[in-house]
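Asks: I'd like to ask you about the structure that follows.
Derivation of every value follows stated rules applied to the coordinates shown; laboratory data play no part. Bear in mind that the values here come from a model prediction, so they are computed numbers and not experimental data. No Cβ is skipped: glycine too gets one built from the backbone with ideal geometry, and neighbour counts run over all protein chains shown.
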Amino acid sequence: MNSVVYRVLSIVPICFVVAVVVFSLMQMAPGDPAAMMSDDFASEEQIERVRRDLGLDQPVIVQFSLWLGRVLTGDFGSSLFSKIPVTTLIMQRLEPTISLAAGAMLVAIATAIPLGALAAVMSHSWVDRLVMTIAVLGFSLPSFVLGYGGVWLFSFKLDWLPVQGYASLASGFEPWLKSILLPSLTLGLISAAFLARVTRATVLEVLSEDYVRTGHAKGLAPRTVIVLHVLKNAAIPIVTVIGTSIAGLLSGVVIVESVFAIPGIGSLVIDSVLKRDYPVIQGVILFLSIGYVVVNLSIDLSYRLFDPRIEG
Amino acid sequence: MEDFFIMLKAIAVSIALGAAMVMSQSTSSLAHEKTLRVSMLYDLNLIDPYAQTGYLPRYLGFMAYDTLFSIDSKGNIAPQVADSWSLSPDKLVHTIKIRTGLKFHDGSPVTAADVAASVKRALQRNRFIHFASLVTSVDIVDDQTFSFTLSREFKILDYLANIHTPTFIMPKADAELPITQSISKVNGSGPFIFRHDLWKPGSRAIFDKNTAYSPRSEAPDFMSGGKHVNVDRVEWVYIADKRTAVSALKKGEIDWIVSVQPEYIADLKKSQGVEVAVFDDSGFDAVLRMNMTQPPFDNVKIRQAVMATVDQEEYLGLAIGDPEYYKVCASYLVCRSPWAVEMPGATLRKKDLPLARKLLKEGGYKGEKIVILDAQDIPSIHQYALITAQNLRSIGMNVEIRPTDQATLLTSRARRTPPTEGGWSIFHAASAGLTVDTIVKNHYLWMNPQRAFFGWPDNPEMEKLRIDFSFATDDKVAHEINRKFHELAWTYVPHIPIGNTFEASAYRTNIKGIIKSEVPTFWNLTKD
Amino acid sequence: MTSFAPALLGAARSLAATIRRHPSSAIAAAIVVVLILAALLADYIAPHDPMAISGRQRLRPPSEANPMGTDNLGRDVLSRVIHGAQISLLVGISVAAVSTVVGSAIGVLAGYSRYVDLVVMRIMDGLMAIPGILLAIAFLAMFGSSVTSVIIAISVPDIPRVVRLVRSVVLSLRELLYVESARSMGAGPIRIILRHILPNAAAPILVQASFLCASAILAEASLGFLGLGTPSEIPSWGNIIAEGRSFIGSAPWLLFFPALALTVTVLAVNVLGDGLRDALDPRFRRRI
């Protein structure tokens, strides 16, 4: 149990590092939000006044501790431009991004795990080679090329799906699904390529272990052996990879949101970087990083709590 | 047991999704049968109608606020909130009576006190000249009438009615906020209500029809006349990837792209159900601006040398392509302006590289480094930068392109240090034609280095002509001053005109009755 | 002299055998060699100046004079794609080198000293928690766009991954007999690292580096796509694609050729990485 407490506490320094990195990056960036907010004809003094109002004239360390103090109380500040609280902006963007990430994850798991396992069982056959070739191709393709290709095929040639935008679940399940399908496929197939390779490797490893051979010796049919023993034992490494690949998935989200004009967290970051909207950039990156840490921590902890074989 | 973890994860994901669903506000647009979805070039991120970063706050102003005066398609002043107005015999006191029965979006009546306060704010925001100091008093006569007194005669109504810093009518409390403080809640007087609660910066802004608005009885004409709204809701969507916006229009997922970038025009012209048009006849005035406080461009000869390398057709043909959307304009004012005077000879219409080299030699160019600021996120501006670099290199200048984005360019161009120490030599820009159609308004022609626009020209003689022009009440005198100013500009070269470009607008053919105007208007039009 | 010819023959024979056994790796290697040559000789083999703007040549479809057509500023796309190989390979190889060298140094230290490990791994965990592309975007905002800052921006998020790999290899090697015995014979830590640990860790590090190279080439293109990559004056594949996508409807060759070059390159490097892994260390065959 102590190790659990230790693990939970260990996310504190991680989050602190993230906070420091994010804050210092933004401080060093050129481009002045005060000048961007003032009009073209603002004098030096007017810009200076805006800067003072924003607290940008204070020493960096003071700005950092003020910011950190507020963040600890859950106050991420407000956009310099729209004056809308960062938490509200994130909440507005959460649903599209979660839908996209979850959809992509679902696509990846549904295609990669069966195909990866199949490739492992039939290793060195043509099936294996085909699956692995597609997998290599999958993570060699830029996601925007795949995205544009999908739009051309499914939206223009076949006229099945919309080319862009996001329909919230509140507007009905069908419009939501249609709006999210193509982006999820684009992002999901790229993640699937990686996951399929992991699955294949893990299953191959498990297949060579003793108890599987024992299963064979006991006379169980090969299919039963795979389903019962192999996938069960391959699950932990696979789930771990899924957890760590969430960060990579989020990188993909940024591009795919841009291709499909989905108003999610990724496009929020790009917009704010271009405008130097510091509180928003800081808040979103911090939020995403903490989300990533927490997801992985819970995956990690769940092994420890339920599987005595894993020790802290 | 391990299956349990997978299930756990699945459950966690569904809980998160469910929570997100509950949290997301219901922005269902199904209830609104007539929703017009419009893709804007930029994102609405400030809602003070006088905010001058980008054009969208002003467009919002025209939707959510009514104006005191406006102009029609012939440039005449037309009343909007004003009902009637008169001028005292000494031409110093203007008395204005406003229409009765007008209401703000919160239901409170529009009174003379609100309008007077709005006029004061508009004058303070007016950037052309410090007009606010010429208004000695503003007096409320009664609930519907107010007057203001000038210290000397000038055409103040022209400036109150102009569509660049119009007089948006807002409640007194908002209008009296300190001028540096921006308005954070839109309580307007116009035909549309801005839905602050549904606003998603970076994604969309929503305007509902203001059913309590009473349009004027005149027919709509440019920015004046009755603003009848025939849709229930207007949704401004911001699609950062312009390619995606074009696809969405072709599929009918959006109804109108207000500004189509040149590279998409050919594609859209071929598309069924899509119409491509130009709604703003004044266009944009593109310029090449030099830093006149640093060598080598502190030297007039070298500025003239750069001018000799410019062939407007080359810039416009490459950046815009389709000749329908640009016009060679060898004038210091946008060519549609009645005040434009075209340069004699072939200057700006044809390169004269031998002359350029000769001027460079006469100017004693010593190989100083030329730094061109290149805003890569704005395609046309980026292309102008590449063309200028190639031209200057061809006459033997030492050119460095400094890549940047618009956000950084706005701060870097304010730097007065030498180009080798973080300063700059050249940037390119384009201004909306109506904002630069006189020598008073065109900020590139302000000649007092203390108050001038970035690049800081210094020419007292030209500055005096500008001020004389602003007070000239006789048209003949004004034209004379204007011509003299232009002639001086041809040799002084405060900037180099690159030509006029016209923004294409593309919309679905079921949208009818879009008013031709520089500002996109959403009244009058219908959607079948 | 006499023994030289048979040796050469023997080498050629074993090369032929390798090609027969691993045809895909051989093809990938050939592609990579051609690309490197094209990049090195770009100035000589490109038919035109990749930056020369010409109003008369605007948006020409592929022809004999311009096999891949011309772009909206009349520049020759083939020449731009050839010069683009320079940037893409430069970015790919530099990122692989920078993140591998820096990551290995940190990883070895972390694997060797518990105190360093404690601090360094927390920082690495923190860096890993930030989605890579966001970190890269933030870096580019800070340094401004240049090839160097793109390389740094892509390398930084990759470093923690190398650190983790190297650290785990070092940890497992430390306990091995020959390291133990070297230590008991009084060898200093630096000597042990250089003599015993690094050579044994080289195979997985090299394999990892080849994948980092492939993903860096993709990342450069993605940043270019978002308009945040190398200065757009430079004809990198990301920039050519970003500019070309506007013309999909009217001039599809602007997008097609650079996207093809990009995909083939990344594919070749990835396949080569796979081959390298199989050849260098069969034990790593099972890992990803």
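Asks: So, with +1 on the Cβ of K and R and -1 on the Cβ of D and E, and no other charges, what is the size of the charge dipole of the protein assembly as shown about its Cα centre, to the nearest 20 debye?
Replies: Result for the protein assembly as shown is approximately 2680 debye, rounded to the nearest 20.
Asks: Compute the signed sum of charges (Lys and Arg +1, Asp and Glu -1) over the other residues within less than 14 Å, Cβ to Cβ, of C:Ile137.
Replies: Cβ neighbours under 14 Å give a net charge of -4.
Asks: Between rounded, prolate and oblate, where does chain C land on the alpha carbon gyration tensor, with a ≥ b ≥ c its root eigenvalues, rounded for a/c under 1.5, else prolate if a/b exceeds b/c?
Replies: It is oblate, given that a/c is not under 1.5 and a/b is not larger than b/c.
Asks: Still on this structure: For B:Asn448, what is the net charge nearby, where nearby means another residue's Cβ is under 12 Å from its Cβ and Lys, Arg count +1, Asp, Glu -1?
Replies: 0
Asks: So for the range B:395-512, if I pair up every lysine 8 or more residues apart or on another chain, how many of those pairs have alpha-carbons under 20 Å apart?
Replies: Taking the range B:395-512 as the scope, the lysine pair count is 6.
Asks: Which residue, C:Pro199, C:Pro62, C:Pro252, tops the fluctuation ranking in a GNM of chain C built on C-alpha contacts under 10 Å?
Replies: Fluctuation is largest for C:Pro199.
Asks: On to the next question. About its Cα centre, how strong a charge dipole does the range A:90-305 have in debye, to the nearest 20, once Lys and Arg get +1 and Asp and Glu get -1 at the Cβ?
Replies: 340 debye
Asks: Counting Lys and Arg as +1 and Asp and Glu as -1, each charge on the Cβ, what is the dipole of chain C about the Cα centre in debye, to the nearest 20?
Replies: 860 debye
Asks: In the protein assembly as shown, which Cys residues have no partner Cys with a Cβ closer than 4.7 Å?
Replies: Cysteines lacking a close Cβ partner in the protein assembly as shown: A:Cys15, C:Cys213.
Asks: Beyond a 19 Å Cα-Cα separation, which of these cross-linked pairs lie in this structure: B:Lys301/B:Lys358; A:Lys83/B:Lys242; B:Lys120/B:Lys155?
Replies: Over 19 Å apart, Cα to Cα: A:Lys83/B:Lys242.
Asks: If we count every other residue with Cβ under 13 angstrom of B:Val138's Cβ, Lys/Arg +1 and Asp/Glu -1, where does the sum land?
Replies: With Lys, Arg at +1 and Asp, Glu at -1, the neighbours total 0.
Asks: Give me the inter-chain shielding for B:82-89: mean count of other chain Cβ atoms within 10 Å, whole number please.
Replies: Shielding by partners across B:82-89 averages 0.
Asks: Between A:Arg129 and A:Leu153, what's the calculated FRET efficiency when r is the beta-carbon distance and R0 is 22 Å? Round to 0.05.
Replies: That gives a FRET efficiency of 0.25.
Asks: A further question on this structure: Residues of A:257-265, mean number of Cβ from any other protein chain within 10 Å of their own Cβ, rounded to a whole number?
Replies: For peptide A:257-265, the averaged partner shielding equals 5.
Asks: Same structure, new question: Could you state the number of Å between the C-alpha centres of the range A:244-294 and the range B:304-325?
Replies: 39 Å
Asks: Using a/c under 1.5 as the rounded threshold, could you call the range A:90-305 rounded, prolate or oblate? The axes a ≥ b ≥ c are square roots of the C-alpha gyration tensor eigenvalues, and prolate needs a/b larger than b/c, oblate otherwise.
Replies: Taking the square roots of the gyration eigenvalues as a ≥ b ≥ c, the range A:90-305 is prolate.
Asks: Between the range B:388-446 and the range B:452-516, what is the separation of their alpha carbon centroids in Å?
Replies: 18 Å
Asks: Sticking with this one: Let a ≥ b ≥ c be the square roots of the eigenvalues of the Cα gyration tensor of chain B; is it rounded (a/c under 1.5), or, if not, prolate (a/b larger than b/c) or oblate?
Replies: oblate
Asks: Please give the FRET efficiency for A:Ser24 paired with B:Asp528, using the beta carbon to beta carbon distance and R0 = 60 Å, rounded to the nearest 0.05.
Replies: Computed FRET efficiency for A:Ser24 and B:Asp528: 0.60.
Asks: A further question on this structure: Work from the charge dipole of the protein assembly as shown (Cβ charges, +1 for Lys and Arg, -1 for Asp and Glu, about the Cα centre) and give the residue of B:Val436, C:Pro258, B:Gln261 farthest towards its positive end.
Replies: C:Pro258
Asks: Can you give me the Rg/Rh ratio for the protein assembly as shown, using Cα atoms for both radii and the Kirkwood formula for Rh?
Replies: Here Rg/Rh amounts to 1.00.
Asks: Also, I was wondering about something else. Mind checking which of C:Ile193, C:Leu135, C:Gly238 is farthest towards the positive end of chain C's charge dipole, using Cβ charges of +1 (Lys, Arg) and -1 (Asp, Glu) about the Cα centre?
Replies: C:Ile193
Asks: Among B:Gly321, B:Ser394, B:Gly422, which residue has its Cα furthest toward the positive end of the charge dipole of the range B:317-472, with +1 on Lys/Arg Cβ and -1 on Asp/Glu Cβ?
Replies: Toward the positive end, the furthest listed residue is B:Ser394.
Asks: Right, something else. What number, rounded to the nearest 500 deg cm²/dmol, is the helix-based mean residue ellipticity at 222 nm of the protein assembly as shown, given -39500 (n - 2.57) per DSSP H run of at least four residues and division by all its residues?
Replies: -17000 deg cm²/dmol
Asks: Antiparallel as a % of all DSSP beta bridges within the protein assembly as shown, to the nearest 5?
Replies: So the antiparallel bridges amount to about 80 percent of the total.
Asks: Same structure, new question: Give me the aspartates and glutamates in straight-line cross-link reach of B:Lys366: C-alpha distance below 15 Å, same-chain residues under 8 apart excluded.
Replies: Qualifying aspartates and glutamates at Cα under 15 Å: B:Asp298.
Asks: Could you give the length gained on full extension between B:Ile179 and B:Lys350, defined as 0.36 nm per residue of separation minus the Cα-Cα distance, in nm?
Replies: Full-extension gain reported as 56.9 nm.
Asks: Related question: Please tell me the relative contact order of the range A:90-305 in percent, rounded to the nearest whole number, where contacts are Cα pairs under 8 Å and at least six residues apart.
Replies: Averaging sequence separation for qualifying contacts and normalising by length gives 29 percent for the range A:90-305.
Asks: Can you grab the distance from the C-alpha centre of the range A:100-123 to the C-alpha centre of the range B:257-274, Å, no decimals?
Replies: Between the Cα centre of the range A:100-123 and that of the range B:257-274, the gap is 40 Å.
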